[in-house]
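The structure appears right after this line, and notes come after that.
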Amino acid sequence: MQLRCFDEHCGTTLALHDPALACPACGGLLEVDVAATSVDAQALKKLWSERRSSRDPRDISGVWRYREFLPDYAASEVVTLGEGNTPLVRGHKTAAWAGVRDLQFKHLGWNPTGCFKDLGMTVGMTEAVHTGAKVVACASTGNTAASLAAYAARAGVTGRVYLPAGQVSLNKLAQALDFGAEVVEVEGSFDDALNTLLEKTGEGIYFLNSINPFRIEGQKTTMFELMDQLDWKAPDYLVVPGGNLGNSAAFSKAFDELLRYGFIDRAPRMIVVQAAGANPFAQLWRDGAEELTPVSEPETVATAIRIGNPRSWKKSLRGVRATGGQVLDVTDDEIAEAKAVIGRDGIGCEPASAATLAGLRKLRASGAVIEDASVVAILTGHVLKDTNFIIKAHQREEAHAHS
Ligand SMILES: *Cc1c(COP(=O)(O)O)cnc(C)c1O
């Protein structure tokens, strides 16, 4: 395995463990080039299935179980909290609300820190420790911070998180504090926090934002696990919320590899849903533009996707195009309504996750998705990630009822 520039016109390659954050030739994003030579898909499916009854911490992890497609580390190096292994939960009221018969949720909020960031963090932190890092850092809208803090604590390194001041859910901030991270508040948005962090290169800090290709590798395994759960038969649609677009970028890479090495014969159409107030990717899609125009002041109640300048848009776009998917946006009201319906199904999620159901309903209403379609929606964060949002929504409802 090696690192390769994602820009196909550049294609610069680096050693796998090179600490570069971006391509030294063109500044583009890097990705891990799996370049497997002999893959026996049937044998691996069987092996991965057998690992579910093993006691090896790497087999128990829903990420490292698929390690043939991950960078190779000694078993003792792997920093894991038993992430992954999240269930598929069938939607009932949600399916009726969206107008489809076959809806399942893959709930990544049921990870150790309540969010999918753990899936990338286990690989990113393992790589950080492998390279000898003592301080790891990220900019975050909250969930990456909570995850980094937990995995840094496990690894015994210093975790430092850059947060947009006053814009992070207290539940997420509390997690980062509980796990002992150093918290730096930055005036402005997530994008400002990320820029502040990126200026700190050369200070001996290992960066764990989703531009880090090792995080993408970990998040990629979500699709390995999902296809495994579906007996390697893709649903018609996969719906995922889009913020910085790391997760949809990771899924794109997974589909590419799963198809290339014969694990699946068809990928689901990938639908990326953004919030209307933070929708540069949806705008790009609508306009058929070739370059992304950032949104300078992103605004949405779904704070996890309040991002104006998503870094991984090219990687995500590759997957949307390759699978015949699309990108759309939904309003905060639509997100809030969808979130309440997910709650009534006994599932629950944080606001950003509910963008998926809102997006699906919108696509059904426009006729883009038919009633008989099979759909898997990705829920990205746990219901307890933003309790203030829930309490406020219900206080508003009460006030309404009494007025
Ligand atoms: C990080 C996050 C997202 C956005 O994912 P990206 O990879 O940035 O597109 C969505 N929902 C939740 C809950 C998140 O924490």
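Miscellaneous remarks
- Condition met for V184 (within 24 Å of P310 (Cα to Cα), out of contact with any helix residue (DSSP H, G or I) (no Cβ under 6 Å at 6 or more places or on another chain) and of a type in the set (V, I, T)): yes
- Taking (1) in contact with a Lys or Arg (Cβ under 7 Å, 6 or more places away or on another chain); (2) of a type outside the set (A, V, I, L, M); (3) within 14 Å of the ligand (Cβ to nearest atom) in turn, G99 satisfies each apart from (3).
- Within segment 366-388, being under 21 Å from the mean Cα position of the chain (by Cα) and open to solvent by less than 40 Å² (accessible area, probe 1.4 Å) holds for V375, V376, A377, I378, L379, T380, G381, K385, D386.
- Residue within segment 255-269 that is of a type in the set (D, E) and crowded, with 24+ Cβ neighbours inside 10 Å present: no
- In segment 293-309, the residues that are within 14 Å of A282 (Cβ to Cβ) and touching a residue at least 24 places away in the same chain (Cβ under 8 Å) reach residues that are within 14 Å of the ligand (Cβ to nearest atom) and among the basic types (K, R) with C-beta atoms within less than 7 angstrom, at least six apart or across chains, in these pairs: P298/R306; T300/R306.
- Residue check, A95 at pLDDT 95 or above and farther than 27 Å from E337 by Cα: no
- Inspection of segment 315-333 finds a residue satisfying the criterion of being modelled with pLDDT of 95 or more, among the hydrophobic types (A, V, I, L, M, F, W, C) and within 22 Å of G109 (Cα to Cα).
- Output for segment 219-240, where each listed residue is touching a residue at least 60 places away in the same chain (Cβ under 8 Å) and either of a type in the set (K, R) or touching an Asp or Glu at 6+ places or on another chain (Cβ under 8 Å) (or both): K220, P235
- The conditions of being out of contact with any Pro (no Cβ under 6 Å at 6 or more places or on another chain) and at positive phi are not met by G109.
- Which numbered condition E203 misses (of (1) in contact with a strand residue (DSSP E or B) (Cβ under 6 Å, 6 or more places away or on another chain); (2) under 24 Å from T158 (Cα atoms); (3) open to solvent by 10 Å² or more (accessible area, probe 1.4 Å)): (1)
- Counted residues, segment 351-365 - those being open to solvent by 20 Å² or more (accessible area, probe 1.4 Å) and either touching a Phe, Trp or Tyr at 6+ places or on another chain (Cβ under 7 Å) or within 15 Å of the ligand (Cβ to nearest atom) (or both): 1
- Filter result for L384 (farther than 30 Å from F6 by Cβ, within 13 Å of the ligand (Cβ to nearest atom) and touching a Gly at 6+ places or on another chain (Cβ under 9 Å)): yes
- When segment 282-301 is filtered for residues that are out of contact with any Pro (no Cβ under 6 Å at 6 or more places or on another chain), open to solvent by less than 70 Å² (accessible area, probe 1.4 Å) and either farther than 26 Å from V168 by Cβ or β-branched (V, I, T) (or both), the ones remaining, listed by number, are L284, G288, A289, T300.
- For the condition open to solvent by less than 20 Å² (accessible area, probe 1.4 Å) and assigned by TED's automatic domain parsing to the domain that holds K314, A41 does not qualify.
- Here is the figure for segment 98-136: residues that are of a type in the set (G, A, S) and either in contact with a Leu (Cβ under 6 Å, 6 or more places away or on another chain) or more than 26 Å from R67 (Cβ to Cβ) (or both) total 4.
- Residues satisfying the stated conditions in segment 180-200, i.e. surrounded by 20 or more Cβ atoms within 10 Å (Cβ to Cβ) and either at pLDDT 90 or above or in a loop (DSSP other than H, G, I, E, B) (or both): A181, S189
- Among the residues making up segment 118-145, those that are in contact (Cβ under 8 Å) with a residue 40 or more places away in the chain and within 14 Å of the ligand (Cβ to nearest atom) are L119, G120, M121, G124, C138, A139, S140, T141, G142, N143, T144.
The values are calculated or read from the model by the stated rules, or taken from the named source; none is laboratory data. The model shown is predicted, which means the values in this text are computed figures rather than measured ones. Note: ideal-geometry Cβ built from the backbone for every residue, glycine included; neighbour counts use all protein chains shown. Surface areas here come from the heavy atoms of the whole protein model, side chains and all, with no ligands, DNA or RNA. Shrake-Rupley method; radii C 1.70, N 1.55, O 1.52, S 1.80 Å.
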